[in-house]
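What follows is a short report on a single structure.
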């Protein structure tokens with residue numbers, strides 16, 4: 001086992017009588033890219049804010065670099081790049097002014113790094129924050145999180161608002177940082193984001209971790225949502241296959257979620273007179289339905 005960068009032990013947070021998270025346990029080792037996945041409201045942000053010392057847990061504890069996240073939050077923050085799910089900046093500041101402010105805050109000379117990241121993300125640093133689109137504001141937040149080459153990078157829903165090409169560049173940057181020694185924890189409700197880059201994945205639901213997948217089990221998350229239209233409806237037993245859930249058939253349409261060797265499904269489809277076939281990635285709620293079944 002490697003060096004523990006993050007240790008979370010029975011972390012619990014209640015907002016009055018409302019549960020945020022309950023008895024959350026996990027470790028992130030040095031060099032990990034650890035994905036935190038779950039539907040909105042599953043407890044991802046509450047866990048991350050607890051790690052950042054922004055909220056105090058009801059019980060349990062979390063440590064980063066061996067230090068308590070509440071007692072040593074200021075000391076820990078110097079070596080963390082943090083991207084919250086929502087950011088708010090002074091609207092009248094220009095992007096370059098904000099980045100220079102962040103540079104001074106971390107007491108580093110990051111001018112070359114800022115230039116590099118701004119070019120990668122195609123960000124005009126002369127524009128005012130108020131004039132930026134949601135996607136460009138997200139780019140600013142990412143650069144702020146990465147400009148000081150932190151030892152630990154914590155990202156909460158980092159790809160929301162980014163177009164697919166910029167998302168690709170962003171994941172390339174994260175891989176670069178990881179190769180240089182950074183440990184990464186990031187949350188998402190998009191399954192494919194986590195699959196692209198993580199070597200470990202924690203699945204959250206209703207404030208609890210229900211499963212942690214290691215790298216060698218990631219292929220088990222290869223869910224597909226399959227919809228077909230047929231000229232002649234087969235019996236329900238035709239698709240009586242391990243790995244199928246949420247099966248439905250109505251009129252000339254059949255749909256289901258599948259987790260397994262796609263060649264098995266292709267073979268079954270070849271025996272039908274088809275009008276149309278669609279294979280998509282299911283949303284996370286559909287994956288959870290499959291997971292529990």
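The values are calculated or read from the model by the stated rules, or taken from the named source; none is laboratory data. In this text the structure is predicted, and so the values were computed from the model without any measurement. In this analysis, Cβ positions are derived from the backbone assuming ideal geometry, glycine residues included, and neighbour counts consider all displayed protein chains.
Which one of 43, 38 is modelled with pLDDT under 95 and in contact with a helix residue (DSSP H, G or I) (Cβ under 8 Å, 6 or more places away or on another chain)? Spell out how you get there, then give the answer.
Numbers: 43 fails: in contact with a helix residue (DSSP H, G or I) (Cβ under 8 Å, 6 or more places away or on another chain).
After ruling out the rest, the residue left standing is 38.
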Could you figure out which of (1) in a loop (DSSP other than H, G, I, E, B); (2) within 23 Å of residue 195 (Cα to Cα); (3) within 22 Å of the chain's Cα centre (by Cα) isn't true of residue 2?
(3)
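Does region 107-121 contain any residue that is under 30 Å from residue 24 (Cα atoms) and at pLDDT below 95?
Checking region 107-121: not a single residue is under 30 Å from residue 24 (Cα atoms) and at pLDDT below 95.
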The condition from (1) touching a strand residue (DSSP E or B) at 6+ places or on another chain (Cβ under 6 Å); (2) closer than 27 Å to residue 21 by Cβ; (3) in contact (Cβ under 8 Å) with a residue 60 or more places away in the chain that residue 225 misses is numbered (2)
Lone qualifier among 165, 155 - being outside any helix (DSSP H, G or I), closer than 30 Å to residue 280 by Cβ, assigned by TED's automatic domain parsing to the domain that holds residue 54 and under 20 Å from the mean Cα position of the chain (by Cα):
155
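If the requirement is being closer than 30 Å to residue 211 by Cα and at pLDDT 90 or above, which of these qualifies: 256, 288?
Details: 288 fails: at pLDDT 90 or above.
Just a single option satisfies the conditions, and that option is 256.
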Would you pick out the residues in region 159-186 that are at pLDDT below 90 and within 22 Å of residue 50 (Cβ to Cβ)?
160
Within region 26-41, which residues are within 21 Å of residue 80 (Cβ to Cβ) and surrounded by fewer than 23 Cβ atoms within 10 Å (Cβ to Cβ)?
26, 27, 29, 30, 31, 32
Among (1) on the phi > 0 side of the Ramachandran plot; (2) exposed (fewer than 13 other Cβ atoms within 10 Å of the Cβ), the one test that residue 149 misses:
(2)
Residue 69 passes all but one of (1) in contact (Cβ under 8 Å) with a residue 24 or more places away in the chain; (2) surrounded by 21 or more Cβ atoms within 10 Å (Cβ to Cβ); (3) farther than 26 Å from residue 282 by Cα; (4) in contact with a helix residue (DSSP H, G or I) (Cβ under 8 Å, 6 or more places away or on another chain); which number fails?
(1)
